[in-house]
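The structure appears right after this line, and notes come after that.
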Amino acid sequence: MKQCLKCNRSFDDQESFCGFDGGRLVSADVAPAAPLPNAAAASVPLNAPVKKEAPRVAAAPSAADPIERITCEWCQGMNQKTALSCWACGAPLDIANLVSESGWREAPRIRDMTEIHFGLSTCQVEGEIVPVAEINLGQADAVFFEHHVLLWKDDQTPMSVMPLQGGVKRALAGMPFIISIAHGPGRIAFSRDATGELVVLPLHPGMELDVREHAFLLASHHISYSYVRIKGLRNILFGGQGMFMDRFVTSDQPGLLLLHGYGNVFERVLRAGESIIIEPGAFLYKDSSVTMNIESQKLTTGFFGGTGMNLARMTGPGRIGIQSMYVHHNTD
C-alpha cells in the first residue's frame, strides 16, 4: 500500500499520485508518523495570527475507518458516512443517480448553498433558477473565466488577464479571446445570464476534457486551458460556431471545472467503439478520448426531392455530456 503525505489517505501500490490533492504517494511503511495533537498545539505561539483564507478541504474524509466512507456516484470522491453532499463536487449523496433506459444519467442538481472544496479554497453554489458560484479563494489559489460571467468580487481581490495564443482565430470562431484570472485571497462570484444547471466536474490528474464554446464558467489554476479544432462544424452551427472547442487538461495535480448547461444536463459513458449520433447544438462536453465526426443524414420527402440533417457521431470510450437546450452566442 502507498500513502499520501498531505491527506494521509491510502492507495494501491500501482498509483503514483493522490487523486484528491495531487500529492506524491510513498510506501506506507516509510511514511512519517503524524505528530501528536498536544505536541502540535505546544509549537503554536499563543499570539499567532489567525489565518483568513479558506480552509484546506475542511470536509475531506479521514483515512481512518475506510469501510464507513460513501463514494460519490458522480465524481467518485470519498466522503464521510454522515455527509449529505460530496465535498469535491457538491452532488447529493442521499439521492441515487437517475438513469434512463438508454443509459443517460442526470447531472446532479446541487442543493442551494452547497459548499465544494478545492485546494485552499471553497465554492458555494447559490440559487437554482440562475445558479451562482461564489468562490472564497485561499492564498496562492486562482480561478480563470470568461470576463463577462463575473457577477461581483471583493474590492481587494486581485485580477489579471491570461495570455492566449491565436486570438484572431478564436474571435473568428466565436470563442472568447479574453480570459480573466482572479487571485486569492478574496471572494468573487460568477453566473451565466441564463437559466440552466451548474455542472461541477472535479478533474483528477492526467485528465483531458473538451467543452463547447461559451459553456465553461470557471476553472481552477491547476488546469491548463487551450482549444482544439473539430473539422466540419463550421457549416453546421451559426457563424462558424463550434469550429473550435475549449480543452482543459490536468497534469500531476487535480483541478475543478464548472460548466453551465442550458436546460437540463445529461451524461452517458460510451464503451470502446460504441457510437451515438447527436444534434450538434446539444453537445456540451466530452472526454478527449471520445472522437467527434460530422455526418450528413439524407432524408427523402418525395415532392421536394429530399433534404438532409448534419449530425455529430460520438465514438467511445469515454464520457459525453449533452444539454437539452441550445442558445446561440455571438462572438464576445
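The values are calculated or read from the model by the stated rules, or taken from the named source; none is laboratory data. As the structure is a computational prediction, the values presented were derived from the model and not from experiment. We place every Cβ from the backbone using ideal geometry, glycine too, and count neighbours over all the protein chains shown. When the accessible area is computed, the model is the full protein with side chains, heavy atoms only, and any ligands, DNA or RNA have been set aside. Shrake-Rupley method; radii C 1.70, N 1.55, O 1.52, S 1.80 Å.
Which residues, counting only those in the range 96-129, are under 24 Å from GLY318 (Cα atoms) and over 16 Å from the mean Cα position of the chain (by Cα)? Of everything in the range 96-129, those that are under 24 Å from GLY318 (Cα atoms) and over 16 Å from the mean Cα position of the chain (by Cα) turn out to be ALA96, ASN97, LEU98, VAL99, SER100, GLU101, SER102, GLY103, TRP104, ARG105. Sub-8 Å Cβ pairs linking a first residue in the range 91-103 that is under 20 Å from ILE70 (Cα atoms) to a second residue that is of a type in the set (Gly, Ala, Ser), at least 6 apart or interchain, are ALA91/SER85; PRO92/SER85; LEU93/ALA83; LEU93/SER85, ordered by first then second residue. The set of residues in the range 87-104 being part of a strand (DSSP E or B) and open to solvent by 50 Å² or more (accessible area, probe 1.4 Å) consists of VAL99 alone. Checking each residue in the range 237-268 for being open to solvent by 40 Å² or more (accessible area, probe 1.4 Å) and modelled with pLDDT under 95 picks out PHE238, GLY239, ARG247, SER251, ASP252, GLN253, ASN264.
Listed by first and then second residue, the pairs with beta-carbon distance under 7 Å, at least 6 apart or on different chains, first residue in the range 139-160 and part of a loop (DSSP other than H, G, I, E, B), second acidic (Asp, Glu) and open to solvent by 40 Å² or more (accessible area, probe 1.4 Å), are GLN139/GLU53. The residue that is farthest from ARG319 (Cα to Cα), among those in the range 198-207 that are touching a Pro at 6+ places or on another chain (Cβ under 7 Å) and not hydrophobic (A, V, I, L, M, F, W, C), is PRO205.
Residue-level check: of (1) out of contact with any Ser or Thr (no Cβ under 8 Å at 6 or more places or on another chain); (2) of a type in the set (A, V, I, L, M); (3) under 18 Å from PHE216 (Cα atoms); (4) open to solvent by 20 Å² or more (accessible area, probe 1.4 Å), ALA107 misses just (4).
Does GLU73 fit the bill of being at pLDDT below 80, of a type in the set (Asp, Glu), assigned to a loop (DSSP other than H, G, I, E, B) and out of contact with any strand residue (DSSP E or B) (no Cβ under 6 Å at 6 or more places or on another chain)? So GLU73 does not fit the description; no.
Here's the yes/no breakdown for (1) among the small types (Gly, Ala, Ser); (2) under 16 Å from the mean Cα position of the chain (by Cα); (3) surrounded by fewer than 22 Cβ atoms within 10 Å (Cβ to Cβ); (4) modelled with pLDDT under 95:
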{"site": "ILE179", "(1), (2), (3), (4)": "no, no, yes, yes"}
{"site": "ARG192", "(1), (2), (3), (4)": "no, yes, no, yes"}
{"site": "LEU198", "(1), (2), (3), (4)": "no, yes, no, yes"}
{"site": "PRO205", "(1), (2), (3), (4)": "no, yes, yes, yes"}
{"site": "LEU209", "(1), (2), (3), (4)": "no, yes, no, no"}
{"site": "GLU213", "(1), (2), (3), (4)": "no, yes, no, yes"}
{"site": "LEU218", "(1), (2), (3), (4)": "no, yes, no, no"}
{"site": "HIS222", "(1), (2), (3), (4)": "no, yes, yes, yes"}
{"site": "ARG229", "(1), (2), (3), (4)": "no, no, yes, yes"}
